[in-house]
Amino acid sequence: MDLRLDVSQRGEWSIVEVGGEIDVATAPRLREQLIALVSEGHHRIVVSLEAVDFIDSTGLGVLISGLKRVRTHDGAFAVVCSEPRILKVFEITGLDTVFNVAPTLDDALASEG
């Protein structure tokens, strides 16, 4: 399955809507997108996983590196996810305590990430 990335702006937040599967084959595209956003001065990023069917450890690593990259600029990073299967991955790995995981985009945008 392919990876879809749509980037938009809402106020000071950059929103990356991801669809498909984030795995060893597709994760580099997401990594490049996050690096590009931070390099362009976007330090408040929301990654929406609402249309993601699968995420593996490579995908989680990309999200962690995005979080670290944003934090070096005193920015904010949030993840939108309400899909139980994807949330379970965050819970099992303990990453639900590392990331600001919000159930909706509006909740993520209202947070300080």
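State which residue is nearest to Arg31 (Cα to Cα) when the search covers only the range 60-97 and only residues that are charged (D, E, K, R) and assigned to a loop (DSSP other than H, G, I, E, B). Across the range 60-97, the extreme among qualifying residues is Asp74. Could you list, in sequence order, the residues of the range 84-113 that are buried (at least 16 other Cβ atoms within 10 Å of the Cβ) and of a type in the set (Asp, Glu)? Selection gives Asp96 alone.
When you check Phe99 against the structure, is it in contact with a helix residue (DSSP H, G or I) (Cβ under 6 Å, 6 or more places away or on another chain) and at pLDDT 95 or above, yes or no? Step through it out loud before you land on a result.
Values: in contact with a helix residue (DSSP H, G or I) (Cβ under 6 Å, 6 or more places away or on another chain): no; at pLDDT 95 or above: yes.
No.
Of the numbered criteria (1) within 18 Å of Ser39 (Cβ to Cβ); (2) of a type outside the set (S, T, N, Q); (3) within 12 Å of the chain's Cα centre (by Cα), the one Val80 fails is (1).
Taking residues in the range 1-20 that are within 17 Å of Leu67 (Cβ to Cβ), and partners anywhere that are modelled with pLDDT under 95, the pairs with Cβ atoms closer than 6 Å and at least 6 places apart or on different chains are Trp13/Leu109.
For the range 27-39, state whether one or more residues are surrounded by 15 or more Cβ atoms within 10 Å (Cβ to Cβ), assigned to a strand (DSSP E or B) and not acidic (Asp, Glu). Among the residues of the range 27-39, not one is surrounded by 15 or more Cβ atoms within 10 Å (Cβ to Cβ), assigned to a strand (DSSP E or B) and not acidic (Asp, Glu), which makes the answer no.
The values are calculated or read from the model by the stated rules, or taken from the named source; none is laboratory data. Since the model is a prediction, treat every value here as computed from it, not as a measurement. Methodologically, a virtual Cβ is constructed for each residue, glycine included, from the backbone with ideal geometry; neighbour enumeration extends over all protein chains shown.
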